[in-house]
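J.: Pasting a structure here, questions to come.
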Amino acid sequence: MHMKLAEMNRETLEAFQASCQQAYAAFQAANLKLDMSRGKPSPEQLDLTEGMLTCLADDDYRAADGLDCRNYGCLDGLPEAKTFFAPMLGVSPDELIVCGNSSLNIMYWTMSLAMTNGVLGSKPWGKYDKVKVLCPVPGYDRHFAVSEFLGMELVNVPMLADGPDMDMVERLVAEDETIKAIWCVPMYSNPGGVVYSDAVVKRFAALRPKAADFRIFWDNAYCVHHLTDNPPVQANLLEEAKKAGNEDICYLFASTSKITFPGSGVAMIAASEKNIQSLKKALSYATIGFDKLNQLRHLRFFGGKFENLTEHMKKHKALIAPKFEIVTHTLEKELGALGIANWSEPVGGYFISFNQKGCAKRIVQLCKEAGVVLTGAGASFPYGVDPEDENIRISPTFPTEAELQKAMDVFVCSAKLAAAEQALA
């Protein structure tokens, strides 16, 4: 049937709903058990770096400068690890701290530190009656949760096709000194897959906030996770900020969580020289040094050359690009003509963002009752509240292709059923 749902008369709608109901009942009878709730690499992706478990020979525990990596020390990461990872964020090695296994942990720590001790000598954020953080929406639920947990007020900023609404960002930070931060996933945003344009990056770099201690939390989680052979090249925030005489405004984060092993990757933070000195001082109270053997494992596995890591990412692409194709193909084939929904078609990252106005909660519920677990509706918004009840984050990477196709069949059936119910109501 190639007819827009909005053009169906009641009789046609009822027939449409009945056929959806029948298909849905068959899915329920199949006793499926599929989980698409988080963006996890599949076991096949984890197998790609299996060699990391054995790449350190018995006597290979010394860094290039002779440091024994089994022992204490080296607070900001092995010098060769800094040199290796610096190109990932487009910074110099001395602008980088190589940390432990989790960039989320470092983001949490950095924001928490601002709350307790301030930023470069400023009044601690936690001493204000109220502090706010800007949250581009839809966005990453864990970012929002960190700020909420630390007692900040979350302020929605709409995400446009080329990044956050910068007119709004510029206006808000210029007039309100209680706004202390903004969360950004600049390349392949979570969940929309948006790539911030160079113009947007430059406007971020040139921000003149009322709060001198305002910080951009630039989580470049997917900067090497391309689904295309000609990936976009993005202006570098720290570089642009330097040109604008504004280099202290940002913290940049990345990790190898979805490159090597998510539980045992390497995270990093980059920033201006002043910020790095200040962060290192604070870090010296929190740790004597992160896991250097793991840094060494990463160096050995990739032969110490960053281009080997970017080459390695093509193996990930070969495994996950077909899965993204399954999702977009199924959505287009089953929902395209009905005119009830829209979705992103990202060229990188880990997610597809799906929108169907007024139906997100219902679709997630229907999927769950048919054995398919999705990320909760509203998760991509602060406080879990999606004002239009429309956005669902689809995470295609973990299931096998066959499981994913089944899950998508249930998903589109649920989407149709929800649309029919809505139209008939």
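J.: Can you name the residue in segment 120-146 that is touching a helix residue (DSSP H, G or I) at 6+ places or on another chain (Cβ under 7 Å), assigned to a helix (DSSP H, G or I) and not hydrophobic (A, V, I, L, M, F, W, C) and is also farthest from Ala282 (Cα to Cα) among such residues?
T.: Once the filter is applied, the top-ranked residue is Arg142.
J.: Let me ask something else. Kindly indicate which of Phe27, Phe84, Phe16 is open to solvent by less than 20 Å² (accessible area, probe 1.4 Å), touching a helix residue (DSSP H, G or I) at 6+ places or on another chain (Cβ under 9 Å) and under 27 Å from Cys413 (Cβ atoms).
T.: It is Phe16.
J.: May I ask you to verify whether Lys274 is free of Cβ contacts under 8 Å to residues at least 12 places away in the same chain and more than 17 Å from the chain's Cα centre (by Cα)? If you could, list the steps in order and put the result at the bottom.
T.: Details: free of Cβ contacts under 8 Å to residues at least 12 places away in the same chain: no; more than 17 Å from the chain's Cα centre (by Cα): yes.
Against the criterion (free of Cβ contacts under 8 Å to residues at least 12 places away in the same chain and more than 17 Å from the chain's Cα centre (by Cα)), Lys274 does not qualify.
J.: Separate question: Scan segment 172-179 and give yes if some residue there is hydroxyl-bearing (Ser, Thr, Tyr) and either touching a residue at least 60 places away in the same chain (Cβ under 8 Å) or open to solvent by less than 20 Å² (accessible area, probe 1.4 Å) (or both), otherwise no. Quick ask: steps written out before the conclusion?
T.: Going through segment 172-179, the residues hydroxyl-bearing (Ser, Thr, Tyr) turn out to be 178.
This time we only want the ones that are either touching a residue at least 60 places away in the same chain (Cβ under 8 Å) or open to solvent by less than 20 Å² (accessible area, probe 1.4 Å) (or both), so: none.
No, segment 172-179 has no match at all.
J.: Restricting segment 256-271 to residues that are open to solvent by 10 Å² or more (accessible area, probe 1.4 Å) and of a type in the set (Ser, Thr, Tyr), which is nearest to the chain's Cα centre (by Cα)?
T.: First, pick out the residues of segment 256-271 that are open to solvent by 10 Å² or more (accessible area, probe 1.4 Å): 257-258, 261-264.
The next check asks that each one be of a type in the set (Ser, Thr, Tyr); those that pass are 257, 264.
Values: Ser257: 11, Ser264: 18 Å.
It comes out as Ser257.
J.: Now a separate question. Kindly indicate which of Tyr108, Tyr72 is more than 24 Å from the chain's Cα centre (by Cα) and of a type in the set (Phe, Trp, Tyr). Walk me through it before giving the result.
T.: Working: Tyr108 fails: more than 24 Å from the chain's Cα centre (by Cα).
The conditions single out Tyr72.
J.: Out of (1) modelled with pLDDT under 95; (2) more than 20 Å from Ser19 (Cβ to Cβ), the odd one out for Ala425 is which?
T.: Of everything listed in (1) modelled with pLDDT under 95; (2) more than 20 Å from Ser19 (Cβ to Cβ), Ala425 misses just condition (2).
J.: Could you list, ordered by first residue, the pairs with Cβ atoms under 7 Å in which the first is in segment 138-153 and open to solvent by less than 50 Å² (accessible area, probe 1.4 Å) and the second is in a helix (DSSP H, G or I), at least 6 apart or interchain?
T.: Listed by first residue and then by second, the contacts come to Phe144/Pro382; Val146/Met107; Val146/Tyr108; Val146/Met111; Ser147/Met111; Leu150/Met111; Leu150/Ser112; Leu150/Met115.
J.: Across segment 287-312, what is the total count of residues that are assigned to a helix (DSSP H, G or I) and either of a type in the set (A, V, I, L, M) or surrounded by 14 or more Cβ atoms within 10 Å (Cβ to Cβ) (or both)? Don't jump to the end; show me each part of the working.
T.: From segment 287-312, those assigned to a helix (DSSP H, G or I) are 292-301, 306-312; that's our starting set.
Okay, now just the ones that are also either of a type in the set (A, V, I, L, M) or surrounded by 14 or more Cβ atoms within 10 Å (Cβ to Cβ) (or both), so 292-301, 306, 309-310, 312.
Final tally of qualifying residues: 14.
J.: Is it the case, given these coordinates, that Ile340 is touching a Leu at 6+ places or on another chain (Cβ under 9 Å), at pLDDT 95 or above, part of a loop (DSSP other than H, G, I, E, B) and among the β-branched types (Val, Ile, Thr)? Steps first, answer last, please.
T.: On the way: touching a Leu at 6+ places or on another chain (Cβ under 9 Å): yes; at pLDDT 95 or above: yes; part of a loop (DSSP other than H, G, I, E, B): yes; among the β-branched types (Val, Ile, Thr): yes.
It is true that Ile340 is touching a Leu at 6+ places or on another chain (Cβ under 9 Å), at pLDDT 95 or above, part of a loop (DSSP other than H, G, I, E, B) and among the β-branched types (Val, Ile, Thr).
J.: Let me ask you something else. Residue pairs, Cβ under 6 Å, 6 or more apart or interchain, first in segment 246-271 and closer than 12 Å to Tyr222 by Cα and of a type in the set (Val, Ile, Thr), second surrounded by 24 or more Cβ atoms within 10 Å (Cβ to Cβ) and at pLDDT 95 or above. List them.
T.: Correct list of pairs: Thr256/Val266.
J.: Count, please, the residues in segment 201-235 that happen to be surrounded by fewer than 19 Cβ atoms within 10 Å (Cβ to Cβ) and either part of a loop (DSSP other than H, G, I, E, B) or under 17 Å from the mean Cα position of the chain (by Cα) (or both).
T.: From segment 201-235, those surrounded by fewer than 19 Cβ atoms within 10 Å (Cβ to Cβ) are 202, 206, 208, 210, 212, 228-230, 232-235; that's our starting set.
Filter once more, keeping what is either part of a loop (DSSP other than H, G, I, E, B) or under 17 Å from the mean Cα position of the chain (by Cα) (or both): 206, 208, 210, 212, 228-230, 232-235.
Matching residues across segment 201-235 total 11.
J.: Quick test of your reading of the structure: Ser102 fulfils all but one of (1) modelled with pLDDT of 95 or more; (2) small (Gly, Ala, Ser); (3) open to solvent by 10 Å² or more (accessible area, probe 1.4 Å); (4) over 23 Å from Phe398 (Cα atoms). Name the failing condition by number.
T.: (4)
The values are calculated or read from the model by the stated rules, or taken from the named source; none is laboratory data. Given the structure is predicted, the values throughout are model-derived calculations rather than measurements. Here Cβ is always computed from backbone atoms with ideal geometry, including for glycine, and neighbour counts include all displayed protein chains. Keep in mind that these areas ignore ligands, DNA and RNA; they rest on the heavy atoms of the full protein, side chains included. Shrake-Rupley method; radii C 1.70, N 1.55, O 1.52, S 1.80 Å.
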